[in-house]
Amino acid sequence: MSSTNEFILSTSGLTKNFGGLIAVNDVSLDVERGSIKSIIGPNGSGKTTFFNLITGALPPSSGKIYFEGQDITRFSMHQRTRQGISRSYQITNIFPYQTTFENIRLAAQGCSGARVNFLGMLKKAGSYGEFHEKVLDIATIVGLDPARLYVPAALIPHAEQRKLEIAMALATEPRLLLLDEPSAGMAIEEIPEFIDAILRVKKSYGDQLTLLVVEHKMDIVMNLSEEIVVLSEGKMIAKGSPKEIQENEEVLTAYLGVTDEKLA
């Protein structure tokens, strides 16, 4: 197990079998505290299964998971959230009929241990003074449109919904945030602002927040990542800087099925 001073998350021989299929195969990975690390790979390479193991959505078949030096392999999802691990999902996971503000407020209130009163959502936002500034600060950091904070989340654009989900995750005060295909469903022209939003989040939180990202859009991966990990058929086949990954022939073969092209 790695030093807790340097690594916030470590896996050792992490493996997940589904019958005869090995979805994650003996993955040992260290995630540096305060870093932005991305995981890429072709469809079926084990990326989402790996995230499900880290968050406790699935139990591993073998191997260990350490968070800040503590063995959390058998911790429940709720226990891991309480430890400081949060996640966004490929499919937008918001309360569509509540306002953008209320979505973030509910996440913050749940993290605080306060009782979440869904009937109380009809009250004015000012009734929740202890969360009000926190919600506004997070909304500003992720770049949510202030004019849409008090409209139902179902009515805001999809790109705003994706930023809202990140804001909700941040409201739980994580130290490790897992972003699973955070740009899913976004138009190409929306990508630059989304990259800027994630970079603002990282700048605002500094070393207090570590980001682990699964993403298939290479422009996002290459612009965000300090290090990239590549999975293929459940195994980790490479890791390195964006430039190193772009030039790695084994990665190109696994990801594109060719060796005479480079990742864009």
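Numerical summary
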{"read-out": "Among (1) more than 21 Å from Ile198 (Cα to Cα); (2) modelled with pLDDT of 90 or more; (3) not charged (D, E, K, R), the one test that Asn117 misses", "value": "(2)"}
{"read-out": "First in the range 30-42 and without any contact (Cβ under 8 Å) to a residue 12 or more places away in the chain, second anywhere and surrounded by fewer than 24 Cβ atoms within 10 Å (Cβ to Cβ) and not in a strand (DSSP E or B), Cβ under 6 Å, 6 or more apart", "value": "none"}
{"read-out": "Complete set of residues in the range 166-193 that are without any contact (Cβ under 8 Å) to a residue 60 or more places away in the chain and within 27 Å of Asp30 (Cβ to Cβ)", "value": "Ser183"}
{"read-out": "Out of Glu244, Glu250, sole residue that is modelled with pLDDT of 90 or more, over 19 Å from the mean Cα position of the chain (by Cα) and acidic (Asp, Glu)", "value": "Glu244"}
{"read-out": "Pairs with Cβ under 6 Å, 6+ apart, first in the range 131-154 and in a helix (DSSP H, G or I), second surrounded by fewer than 16 Cβ atoms within 10 Å (Cβ to Cβ)", "value": "Ile141/Arg200; Ile141/Ser204; Ala153/Pro96; Ala154/Pro96"}
{"read-out": "Residue list for the range 232-249, restricted to those being outside any loop (DSSP other than H, G, I, E, B) and under 24 Å from Thr15 (Cβ atoms)", "value": "Ser232, Lys235, Met236, Ile237, Ala238, Lys239, Gly240, Ile245"}
{"read-out": "Single condition Thr253 does not satisfy, out of (1) touching a residue at least 24 places away in the same chain (Cβ under 8 Å); (2) in a helix (DSSP H, G or I); (3) among the polar types (S, T, N, Q)", "value": "(1)"}
{"read-out": "Top-ranked residue of the range 8-53 - restricted to ones that are of a type in the set (D, E, K, R) and outside any strand (DSSP E or B), ranked as surrounded by the fewest Cβ atoms within 10 Å (Cβ to Cβ)", "value": "Arg33"}
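To keep it simple, each residue is scored yes or no on (1) of a type outside the set (Ser, Thr, Tyr); (2) in a helix (DSSP H, G or I).
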| site | (1), (2) |
| --- | --- |
| Ser183 | no, no |
| Met186 | yes, no |
| Ile191 | yes, yes |
| Phe194 | yes, yes |
| Ala197 | yes, yes |
| Leu212 | yes, no |
| Met222 | yes, yes |
| Val230 | yes, no |
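The values are calculated or read from the model by the stated rules, or taken from the named source; none is laboratory data. All values derive from a computational prediction rather than experimental measurement. All Cβ positions, even for glycine, are placed from backbone atoms using ideal geometry, and neighbour counts span all protein chains on display.
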